[in-house]
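Okay, structure first, notes after.
The values are calculated or read from the model by the stated rules, or taken from the named source; none is laboratory data. Since this is a predicted model, take the numbers as computed values, not measurements. Cβ coordinates were reconstructed from backbone atoms using ideal geometry, including for glycine residues, and neighbour counts include every protein chain displayed.
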Amino acid sequence: MARKALVRLIRNRRTCLDFSYDVNANFTIRLAQLFSCLNKSGEKNKKEVRGGIQCTVSADERNVCFDLLHPQVIFEQEGIFIHSSTESAEDQDSLTAGLLRILDKDGDILVEYKPMEDTVDPSNMLCAGKDSSSVMEWTQCTGDRGHRLVEHQLSYETEWDMLNTVSFKRKQSTSGEGWHCSLDRSKGAFSFNVGELKSIMVKTEGWSRLVFRLREDSGMPALHFHQGGSEAFLDALRRFVHLVQSPNDESCLIVSSQNKALSQSFENLLDDATFGLVQKFKNDPYTTTLGGFSKVTNYIFDAFRGPELLHQQRPAEEVADLLSEVIPGLEVNQQEEPGFEVITRIDLGPRPEVRRREPVSAEDWTEHMDIEGKVQNVSHLKELIFKGGLCHAVRKEAWKFLLGYFPWDSTRDERKSLQKRKTDEYFRMKLQWKSVSEEQERRNSRLRDYRSLIEKDVNRTDRTNKFYEGPDNPGLILLHDILMTYCMYDFDLGYVQGMSDLLSPILYVMENEVDTFWCFVSFMDQMHQNFEEQMQGMKTQLIQLGTLLQLLDLSFWNYLESQDSGYLYFCFRWLLIRFKRELSFQDVLRLWEVMWTGLPCQNFHLLVCCAILDSEKQKIVEENYGFNEILKHINELSMKLDIEEILLKAEAICWQIESCKVCICMSHFILFSIHLPPLLSGAGSRGQQSEQSTPDLPLPAHLLQFLWGNPKANSVHKNNEQNR
Amino acid sequence: MAAKSSLLKVILLGDGGVGKSSLMNRYVTNKFDAHLFHTIGVEFLNKDLEVDGHLVTMQIWDTAGQERFRSLRTPFYRGSDCCLLTFSVDDSQSFLNLANWKKEFIYYADVKEPESFPFVVLGNKVDVTERQVSTEDAQRWCRDNGNHPYYETSAKDATNVAAAFEEAVRRVLAVEERGEHLIPTDTVNLHRKPRSSATCC
């Protein structure tokens with residue numbers, strides 16, 4: 001018997017699209033059916049732009065790819081009412097519901113209001129109707145009347161929390177209304193540039209209503225926020241205009257002439273277009289969509305990772321079959337819609353128990369060397385290091401491999417000649433800054449600034465550690481010289497605060513200037529982006545961490561968001577210097593060598609963040625910590641953390657996510673082929689490649705590439721899984 | 001409006017290594033550690049004090065001073081009641097950069113009236129014998145740039161540290177008292193507690 005599943009996509013807390021699929025059908029067929037809905041015209045290679053999402057269909061009809069375009073919708077809320085003939089609240093019959101938006105049109109910020117009749121025009125929908133021959137069914141929104149809207153809000157908010165954000169945007173109005181003030185009085189629709197806005201009257205009687213006054217003094221109808229949201233709207237607006245309370249009338253917000261730069265808020269750190277999208281999470285369904293994608297698409301990682309693994313391990317049919325089983329963690333409700341299964345909740349399942357091992361001893365290490373000094377069975381060795389770390393005696397040698405200074409497949413002789421070459425190279429660069437005269441330096445402000453800050457910072461790096469304590473400690477001179485030489489190695493980057501923290505443990509282990517330098521160079525290769533001018537690495541990681549947190553515990557994530565802490569600022573120090581200030585010195589050495597194995601996934605440090613937060617979230621929520629308290633609490637965790645406990649938890653979280661088949665399946669059906677390269681970075685050529693070479697599974701493999709993107713790391717991780 | 005124990009947000013700005021964290025720690029915990037880590041990210045400490053009969057809780061924010069971290073620290077400027085512009089008397093560059101710090105603060109803190117916003121200038125490390133910035137130069141700068149109060153401090157030997165922070169409180173209270181004549185008393189102070197400033201639902 002064919003079993004059908006119904007997937008309900010919810011937009012703005014309303015049912016936007018229900019579609020069903022035959023769970024036994026081949027995935028490709030299902031996708032083709034869906035895509036025929038999407039593009040009824042059947043044109044090949046068609047590109048359609050719909051309100052910020054570009055849908056591209058490949059010639060073989062197998063790849064449907066949604067690209068996010070320039071952020072257009074900054075704020076959007078439906079169910080905003082105009083009381084047409086009167087402003088009286090009692091006059092229920094004359095209500096007109098509509099959609100209020102703030103749009104970014106090529107840099108012009110517009111406020112737009114459209115009555116519902118317009119906005120739910122079927123011709124504006126991405127899918128134009130039903131295809132009776134298809135298993136996919138498109139159900140049009142039903143919630144365009146206010147009272148139903150409330151019902152939906154209550155009934156779906158919790159049960160659909162994993163699904164409720166996938167949506168399709170409607171077509172942008174292209175009626176040449178220009179992007180200045182326009183007011184169609186017959187329908188009540190209007191739009192204006194925020195630059196035209198003079199003031200806003202805010203009245204609250206049971207609900208809030210706003211009246212806009214423009215510079216040209218054309219009267220606007222009052223907008224009634226029956227379901228709330230006026231504050232969110234004003235907050236969104238405040239990002240573009242400066243609103244101040246009128247001294248004469250507190251219900252009047254006056255637009256101050258002072259230009260309000262975006263950079264005055266948190267957007268400052270997170271100011272590129274991509275991150276701008278994520279930021280608007282709360283108010284903007286378009287970006288909520290993005291967040292929703294990321295929640296589920298995270299799980300596209302494994303099955304679709306690379307061609308070889310794909311064909312060997314998870315053929316499309318098998319993946320499809322997974323849904324026809326009753327999968328643990330998938331809550332299926334058959335009562336609500338007879339004949340359909342409604343997926344109502346996703347559970348990640350239990351966290352597996354993991355164990356750690358003893359550190360790798362000097363004996364273990366030498367056992368892995370052959371007669372020429374080549375390392376044997378590297379993946380096994382890495383796994384041992386991941387599971388237990390290294391005895392201190394081994395570190396001096398092993399870190400050079402882990403950091404990439406020594407190639408794993410090099411012989412002892414090759415390494416000797418490498419070191420010799422690298423020694424010459426080091427001293428050549430060292431001589432460069434050493435030979436800059438005082439006079440030269442006076443004309444070189446950048447070098448002067450680097451030197452000044454390096455001098456200050458090495459004097460306050462790990463000074464309580466025996467290795468660096470006391471006046472005139474030779475370790476400080478080495479830290480200084482290596483950092484100065486690094487400025488010569490990478491003058492564009494130069495010295496950025498935090499680097500001395502990354503260097504100090506390496507020097508402590510190596511006890512050798514040249515080796516330390518080159519190991520530091522390798523480490524900096526990994527960390528470079530954290531320190532760059534735009535701090536792209538930090539932005540990317542904070543986004544990725546947010547994605548993971550949403551996935552692991554949505555309610556905690558929502559709490560953070562409610563406290564304006566969704567930007568995860570409090571994790572900045574953790575990420576910038578990889579927990580260097582959070583852990584005792586010895587624990588830092590342990591954590592770093594574990595991370596450098598690249599196991600069990602890339603960016604394991606993000607899971608370390610998750611593990612720490614997992615232990616703190618209860619306190620944060622129970623104590624109802626606000627923005628400041630969260631920051632303070634996290635800052636004060638420093639030196640109170642237990643590394644072994646954290647590593648156990650981080651690894652368990654990794655396996656927990658990895659084993660979540662449900663999400664992989666869900667992502668097939670809900671997300672088709674969402675393509676978000678800029679958001680989850682690293683989605684360059686590899687992602688393209690996997691799309692092209694895996695026609696049966698046209699899902700880009702790279703959405704969780706930040707964890708499982710590296711095929712090498714992954715094959716080892718597979719071994720690891722088997723050994724567990 | 002500013003009665004009872006109100007919360008004052010004070011932010012320390014200045015070049016890396018001028019002693020922002022040390023000043024904060026000296027004031028709040030009365031300790032000094034010359035080898036304290038340089039600040040990564042943002043930190044803050046609270047201190048309760050009484051100034052001229054006013055009980056206040058001062059929330060002192062300390063940031064990373066390097067240019068590169070601007071995008072991290074600037075979001076925390078908003079809502080500040082006072083800005084402590086800090087330089088080190090043994091580092092002329094840090095003195096020359098005061099103007100930039102002030103500009104950055106006014107821009108990102110969204111200060112409505114920069115002329116009347118309370119700044120206090122701190123010349124730290126006066127315990128050091130080799131000065132690069134003279135008291136006269138510093139005083140002149142303060143006079144020419146908005147008549148800011150100037151304190152020469154040493155976090156190391158605690159010179160003038162409490163006095164400088166208390167001056168910050170006095171300046172904030174003075175601004176608020178002046179403001180009270182202009183603003184009706186029942187208005188919500190949006191500036192102080194942004195979250196409670198609900199103007200509508």
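Scanning region A:373-395 for residues that are touching a helix residue (DSSP H, G or I) at 6+ places or on another chain (Cβ under 6 Å) and either surrounded by fewer than 20 Cβ atoms within 10 Å (Cβ to Cβ) or modelled with pLDDT under 95 (or both) yields A:G373, A:S379, A:A393. Residues in region A:552-579 that are touching a residue at least 24 places away in the same chain (Cβ under 8 Å), within 13 Å of another protein chain (Cβ to nearest Cβ) and part of a helix (DSSP H, G or I): 8 in all. Counting only residues that are over 18 Å from A:D449 (Cα atoms), hydrophobic (A, V, I, L, M, F, W, C) and within 17 Å of the chain's Cα centre (by Cα), region B:15-71 holds 12 of them. Only one of the numbered conditions (1) more than 13 Å from every other protein chain (Cβ to nearest Cβ); (2) in contact with a helix residue (DSSP H, G or I) (Cβ under 9 Å, 6 or more places away or on another chain); (3) not aromatic (F, W, Y) is violated by A:L502, and that is (1). The set of residues in region A:208-230 being without any contact (Cβ under 8 Å) to a residue 40 or more places away in the chain, facing chain B (nearest Cβ under 8 Å) and crowded, with 16+ Cβ neighbours inside 10 Å consists of A:S208, A:L210, A:S230.
Go through the residues of region A:585-606 one by one and say whether even a single one is surrounded by fewer than 18 Cβ atoms within 10 Å (Cβ to Cβ), in contact (Cβ under 8 Å) with a residue 12 or more places away in the chain and over 29 Å from A:E469 (Cα atoms). Checked region A:585-606: no residue is surrounded by fewer than 18 Cβ atoms within 10 Å (Cβ to Cβ), in contact (Cβ under 8 Å) with a residue 12 or more places away in the chain and over 29 Å from A:E469 (Cα atoms).
In region B:63-79, the residue that is modelled with the lowest pLDDT out of those that are within 26 Å of B:D137 (Cβ to Cβ) and in contact with a strand residue (DSSP E or B) (Cβ under 7 Å, 6 or more places away or on another chain) is B:G65.
Of the set (1) crowded, with 23+ Cβ neighbours inside 10 Å; (2) farther than 27 Å from A:D462 by Cα; (3) within 13 Å of another protein chain (Cβ to nearest Cβ); (4) not charged (D, E, K, R), all apply to B:L85 but (3). Among the residues of region A:450-460, just one is out of contact with any helix residue (DSSP H, G or I) (no Cβ under 7 Å at 6 or more places or on another chain) and either in contact (Cβ under 8 Å) with a residue 12 or more places away in the chain or more than 8 Å from chain B (Cβ to nearest Cβ) (or both), namely A:L453. Within region A:512-536, the set of residues being within 14 Å of chain B (Cβ to nearest Cβ), closer than 24 Å to A:F401 by Cα and surrounded by fewer than 22 Cβ atoms within 10 Å (Cβ to Cβ) comprises A:M527, A:H528, A:Q529. Taken over region A:464-493, the residue count meeting the criterion of being surrounded by fewer than 21 Cβ atoms within 10 Å (Cβ to Cβ), of a type outside the set (A, V, I, L, M, F, W, C) and within 37 Å of the chain's Cα centre (by Cα) is 6. When you look at B:S94, is it buried (at least 21 other Cβ atoms within 10 Å of the Cβ), in a helix (DSSP H, G or I), within 14 Å of chain A (Cβ to nearest Cβ) and touching a residue at least 60 places away in the same chain (Cβ under 8 Å), yes or no? Criteria met by B:S94. Would region B:18-34 turn up any residue that is of a type in the set (A, V, I, L, M), more than 10 Å from chain A (Cβ to nearest Cβ), touching a residue at least 60 places away in the same chain (Cβ under 8 Å) and under 24 Å from A:T464 (Cβ atoms)? Among the residues of region B:18-34, at least one is of a type in the set (A, V, I, L, M), more than 10 Å from chain A (Cβ to nearest Cβ), touching a residue at least 60 places away in the same chain (Cβ under 8 Å) and under 24 Å from A:T464 (Cβ atoms), which makes the answer yes. If you go through region A:456-498 and keep only what is charged (D, E, K, R) and at positive phi, you end up with A:D462, A:D472. With respect to A:G470, determine if the residue is within 13 Å of chain B (Cβ to nearest Cβ), closer than 25 Å to A:L390 by Cβ and not polar (S, T, N, Q). No, not satisfied. Can B:L72 be described as over 22 Å from B:F95 (Cα atoms) and assigned to a strand (DSSP E or B)? Criteria not met by B:L72. Pick from region A:244-259 the residues that are under 12 Å from A:V202 (Cα atoms), in contact with a Leu (Cβ under 8 Å, 6 or more places away or on another chain) and in contact (Cβ under 8 Å) with a residue 40 or more places away in the chain: which of them is farthest from the other protein chains (Cβ to nearest Cβ)? Selected residue: A:I254.
Taking the criterion of being within 14 Å of A:S565 (Cα to Cα), without any contact (Cβ under 8 Å) to a residue 12 or more places away in the chain and part of a helix (DSSP H, G or I), the residues of region A:611-652 that qualify are A:N628, A:E629, A:K632. The set of residues in region B:97-116 being closer than 17 Å to A:S256 by Cβ and either in contact with a Leu (Cβ under 8 Å, 6 or more places away or on another chain) or within 12 Å of chain A (Cβ to nearest Cβ) (or both) consists of B:I106, B:Y107, B:Y108, B:A109, B:D110, B:V111, B:K112, B:E113, B:P114.
Criterion applied to A:M538, A:M595 was being closer than 14 Å to A:G498 by Cβ and assigned to a helix (DSSP H, G or I), and the one residue passing it is A:M538.
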